[in-house]
């Protein structure tokens, strides 16, 4: 039944193929010759098949695992450099008609406070996010046909883009809403969204249906085939992910890569991003009750193997993870993180009262955006607020071509430095500004093109003089 080009969920995520892959990986996890051959192939930056990647994930030879980690680090450095893209989630509404047993927004939860932001409240939230320094948002909303219709989402996107406060502006709105129709995806594309994001939660069909006992999300095929409909509607930047802890992580890892292979086979371009959230406790939800949780070391290896298998795909880790966990996976190839996040409906403009909590999950990294930016720079990373590729039309296969030819260094690197300079001028603390200026001066030399470097230096001077929004 397995057919990566098929439009049917149970054919491009074929259960029997996943099981066969897991058996193959177990049989070969100590096959030194095979593992070495896979690592050589991976070093060519062409990616790996789901079976090859599964072998690396199962490998328990310490010497080979060290090579896996080093290769993941090298691929991230070669393709994305030391840039880390910054974003924040903005929850619009927690009204939902689904019955997802791991989410406090499920319909049966009668004691969580239900909220829906008005357009004026959205303006205040966006202003607060701009005052922090954010340029990129991911909007979130529960699935509800009357409280959160597509018209509400579209109006909210328009509002977000319209807010200009001091030097602030949200330049890219990514959207994480429930699976919908081609027509609605077309409306989102026309509204100028960045990436459409939808987590699969679990690819194991039987578990999926048990974890989603009611509501539209119960339909496994409708949910799993959502990215196909989004791409058919013209959205060529899509983001996939699973919620690790719901099912066996090896199964999820394999199916996740099969989904990426499907998008590549069917549409010529794989996912723009892959997210790797782990289940967290929330209102009425005990993460410890789920028996498939993974420890930090396993989580780090998952990140490394994903980076090796799909080297040109961005990898996202949110504030679900602690500072220590995030530092570990940053070394394994993560390229985007959130900072200063709130997972409640509202909360940026004014903190939620204790008796009115509406958060979707507990945040493990509670630092401010400035603290996260400072931390990243001390670790040797460039915090990037860049949104240029989306705004210049370098999405989908055009972005992938830029990455695969290495020209990303003449584009994304200077853009990262210029947006960091904006942050330092407008929002940073004194310590952050001091370290950031030093980092920018050092990193200018890593722009390969003399011409681009010269333009970047000139633009940095213009930013110091008050001008904003330069981009390559």
Checklist entry - When only C-alpha pairs under 8 Å and at least 6 residues apart count, what is the relative contact order of segment 49-133, in percent? => result 17
Item to check | Relative contact order, percent, segment 9-76 [alpha-carbon distance under 8 Å, six or more residues apart] | outcome: 35
Checklist entry - Of the beta bridges DSSP finds with both residues in segment 185-298, what % are antiparallel, to the nearest 5? => result 10
Item to check | Kirkwood estimate for segment 388-464, i.e. one over the average of 1/r between Cα atoms, Å | outcome: 13.3
Checklist entry - Arranged by the count of other C-beta atoms within 10 angstrom, fewest first, what order do 6, 358 take? => result 6, 358
Checklist outcome for this item: A correct fewest-to-most ranking of 140, 430 by other Cβ atoms within 10 Å would be 430, 140
Checklist entry - Among [x] 1.14; [y] 0.95; [z] 0.98, which one is Rg/Rh (Cα atoms, Kirkwood Rh) computed from these coordinates? => result [y]
Checklist outcome for this item: Relative contact order as a percentage, segment 251-358, C-alpha pairs under 8 Å and 6+ apart, gives 23
Checklist entry - Of 242, 18, how do they rank once you tally other Cβ atoms within 10 Å and put the fewest first? => result 18, 242
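Each value in this text was obtained by applying a stated rule to the coordinates, not by laboratory testing. All of these numbers come straight from a predicted model, not from anything done at the bench. We place every Cβ from the backbone using ideal geometry, glycine too, and count neighbours over all the protein chains shown.
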